[in-house]
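The values are calculated or read from the model by the stated rules, or taken from the named source; none is laboratory data. Bear in mind that the values here come from a model prediction, so they are computed numbers and not experimental data. For neighbour counting, all protein chains shown are included, and Cβ atoms are generated from backbone atoms with ideal geometry for every residue, glycine included. Heads up: the accessible areas ignore ligands, DNA and RNA and are worked out on the full protein's heavy atoms, side chains in. Shrake-Rupley method; radii C 1.70, N 1.55, O 1.52, S 1.80 Å.
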Amino acid sequence: MSTLYEIVELENGDIALQRADAEGSEPLVLIKFSEESLYFLNEAKFDVAKAMIEAGLEAASDIQEEVVEEGHGQEQETPLDNTLH
């Protein structure tokens, strides 16, 4: 079974990664840009946050694969095995 995740902009302008079916729960990842960075990003804020989250998920997946290959863990379904939208 897969869990769907979504990237959303919160009311305060922060970007969050959260489970699509878990309204009101704490975000899995929260990105807050400074006023200075927002000045340079303009409308690209959401695209940059999405790229940051995707890079983090890819890095975590690579680490998980290394652990499994080294025999230090058992392969099991994790949030990294799920779908991000």
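Select from the range 1-61 those trypsin sites (Lys or Arg not before Pro) which occupy a DSSP coil region and have at most 15 other Cβ atoms within 10 Å, ordered by residue number.
Numbers: sites: R19, K32, K45, K50; in loops: K32.
Passing both the DSSP loop test and the Cβ count: K32.
How would D47, D62, D14 rank on accessible area, largest to smallest, probe 1.4 Å?
Working: D47 105, D62 70, D14 15 Å².
The most accessible residue leads, giving D47, D62, D14.
Give me the extension gain from Y39 to R19: residue separation times 0.36 nm, minus the current Cα-Cα distance, reported in nm with one decimal. Don't jump to the answer; show the numbers that get you there.
Details: separation 20, 0.36 × 20 = 7.20 nm, distance 2.92 nm.
Gain on stretching Y39 to R19: 4.3 nm.
Could you order S2, S61 so the one with the most accessible surface comes first? Probe is 1.4 Å. Intermediate results must be reported in sequence, preceding the final value.
Details: S2 75, S61 35 Å².
The ranking, largest first, comes out as S2, S61.
In square nanometres and to one decimal, what's the mean projected area of the convex hull around the Cα atoms of the range 1-65?
Details: hull surface 21.6 nm².
Mean shadow area of the hull around the Cα atoms is 5.4 nm².
Short version: ³J(HN,Hα) in whole Hz for each residue of the range 7-16, in order, from phi by Karplus 6.51 cos²θ - 1.76 cosθ + 1.60 (θ = phi - 60°), x for Gly and Pro, what are they?
My calculation for the range 7-16 gives 9, 10, 9, 7, 4, 7, x, 5, 10, 10 Hz in order.
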